[in-house]
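The structure appears below as structure tokens.
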Amino acid sequence: MCEEGAASRYGSRADSQAVRERLEYELGIVNKMGFDAYFLIVWDLCNYARQNGIWYNARGSGNGSIIAYTLNITLVDPLQHGLIFERFLNPGRVSMPDIDLDFRDDRRADMLEYCTRKYGSDKVAQIITFGTMARKPPCAMSAV
């Protein structure tokens, strides 16, 4: 899939040394760390969204991956912009990669329904982060 995506995204440059080396490097790291299925699931979600006219956007350090770019998960060419893959997935640090996907609010239910149907209700959950604003508590000054 990445080979086809590289041909589509880079055209005649798909066989350039820069593209080949970066793609092979990333694929090796992803495979070694066992995250192949993760990329395929994220690709599946983005592919479903594209096929069904659901706008989405990927943001964050995932934009540093040529794999994500060739799979049409991200829109940013990491080579063109000098983005570093290790900010997204570092082989020296064992942690899950994190591709932040945003979907239109009015189509989020469609995406959740698709995920539940395809992967099972026991594998799908919604999460949310609430931000609050409050004044900072006063500092306790110690006597000098």
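The values are calculated or read from the model by the stated rules, or taken from the named source; none is laboratory data. Since the model is a prediction, treat every value here as computed from it, not as a measurement. Don't worry about glycine lacking a Cβ; one is built from the backbone with ideal geometry, like all the others, and counts go over all protein chains shown.
Residues R117, R93, R135, R108: which one is surrounded by 11 or more Cβ atoms within 10 Å (Cβ to Cβ) and of a type in the set (K, R)?
Of R117, R93, R135, R108, the one residue that is surrounded by 11 or more Cβ atoms within 10 Å (Cβ to Cβ) and of a type in the set (K, R) is R108.
State which residue is surrounded by the most Cβ atoms within 10 Å (Cβ to Cβ) when the search covers only the range 71-90 and only residues that are within 14 Å of Y25 (Cα to Cα) and within 12 Å of the chain's Cα centre (by Cα).
Once the filter is applied, the top-ranked residue is L89.
Taking the range 120-134 as the search range and keeping residues that are under 21 Å from the mean Cα position of the chain (by Cα) and not in a helix (DSSP H, G or I), which one is nearest to L45 (Cα to Cα)?
Only one residue tops the list, namely V124.
Restrict the check to the range 81-99 and report whether at least one residue is among the hydrophobic types (A, V, I, L, M, F, W, C), in contact with a Gly (Cβ under 7 Å, 6 or more places away or on another chain) and part of a helix (DSSP H, G or I).
There is at least one residue in the range 81-99 that is among the hydrophobic types (A, V, I, L, M, F, W, C), in contact with a Gly (Cβ under 7 Å, 6 or more places away or on another chain) and part of a helix (DSSP H, G or I).
Considering only the range 55-77, state which residues are free of Cβ contacts under 8 Å to residues at least 40 places away in the same chain, of a type outside the set (A, V, I, L, M, F, W, C) and part of a loop (DSSP other than H, G, I, E, B).
Selection gives S65, T74.
Looking at the range 1-33, which of the residues that are of a type in the set (V, I, T) and under 17 Å from the mean Cα position of the chain (by Cα) is surrounded by the most Cβ atoms within 10 Å (Cβ to Cβ)?
V30
Need pairs with beta-carbon distance below 9 Å; first residue over 15 Å from I99 (Cα atoms) and within the range 30-54, second buried (at least 16 other Cβ atoms within 10 Å of the Cβ) and β-branched (V, I, T); sequence gap 6+ or separate chains.
Y48/I54
Are any residues in the range 37-64 among the charged types (D, E, K, R) and either closer than 18 Å to V76 by Cβ or modelled with pLDDT under 95 (or both), and if so, which ones?
Within the range 37-64, R50, R59 meet the criteria.
Assess whether L75 counts as being in contact with a helix residue (DSSP H, G or I) (Cβ under 6 Å, 6 or more places away or on another chain) and closer than 19 Å to R22 by Cβ.
No: the conditions fail for L75.
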